[in-house]
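Laboratory data are not the source of any read-out in this text; all were calculated from the coordinates shown. None of these values were measured; they are calculated from a predicted model. Glycine also receives a Cβ, built like all others from the backbone with ideal geometry; neighbour counts cover every protein chain displayed.
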Amino acid sequence: MSSSSSLTQRNPTSSQEQSESVPQLRRQTSQHAAMSQTLTSAANLANLLPTGTLLAFTLLIPVFTSNGSCDYPTRVLTAGLLTLLSISCFLSSFTDSVKAEDGNVYYGFATRKGMWIFDYPDPDGLGLPDLSKYRIRIIDWIHAVLSVLVFGAVALRDKNAVSCFYPAPEQGTKKVLDIVPMGVGVICGLLFLVFPARRHGIGYPVTGDGGRR
């Protein structure tokens, strides 16, 4: 009888522990889901940027910011680096590629009259398709602005860049730094879906010329 009564006394305690562990597991699951969603969103944002600019940002930002510990000179240098990379994202939106008759892919810069190929060996342009259809359009300006905004969102999600300019942010500033980049990324991602890019410029994948214009 004593053993059965002791078991009866232990069972409520174990059931209470199990009931208390369920909310904790749910909180941990929600935290992991939020972290996974954040990383997925950052990866999707990175896909909208030229790979060379993104690689330069990833490699140089820890060096320029001294891993987030900035003084005034390093903060100025970091601001200059971010400005140059933003300009790179903007200009990359106006680059494009064509496939010549020799089977090679050549890159150029879109202009109002067509596209200027800067790596084609023949100055007369023999063997190239009609370059007038590659002229600059309004959608290119939209993509250029969106690329800069996406790069800004990625930069604001980098802990080294944020620690450099905001080493001890206030609570309101911290909330803004957490919310604004994700909001900008979602809006820009939707706009890229509505206005898809048809150019295959420097740093972007070449998927063929069929149906591009």
How about segment 132-211: which trypsin sites (Lys or Arg not before Pro) there are in a DSSP loop, with at most 16 other Cβ atoms within 10 Å of their Cβ? R135, R137, R198
Taking the convex hull of Cα positions in segment 57-213, its mean projected area over all directions (nm²): 11.2 nm²
Determine the distance separating the Cα centre of segment 127-149 from the Cα centre of segment 71-93; give it in Å without decimals. 23 Å
Sites S132 and L55, calculated FRET efficiency, Cβ-Cβ separation with R0 25 Å, nearest 0.05: 0.15
Compactness ratio of segment 72-161: Cα Rg over 2.2 N^0.38 Å, N = residue count? 1.41
Spin-label model distance (nm) - I87 vs V105, 7 Å beyond Cα toward Cβ: 2.7 nm
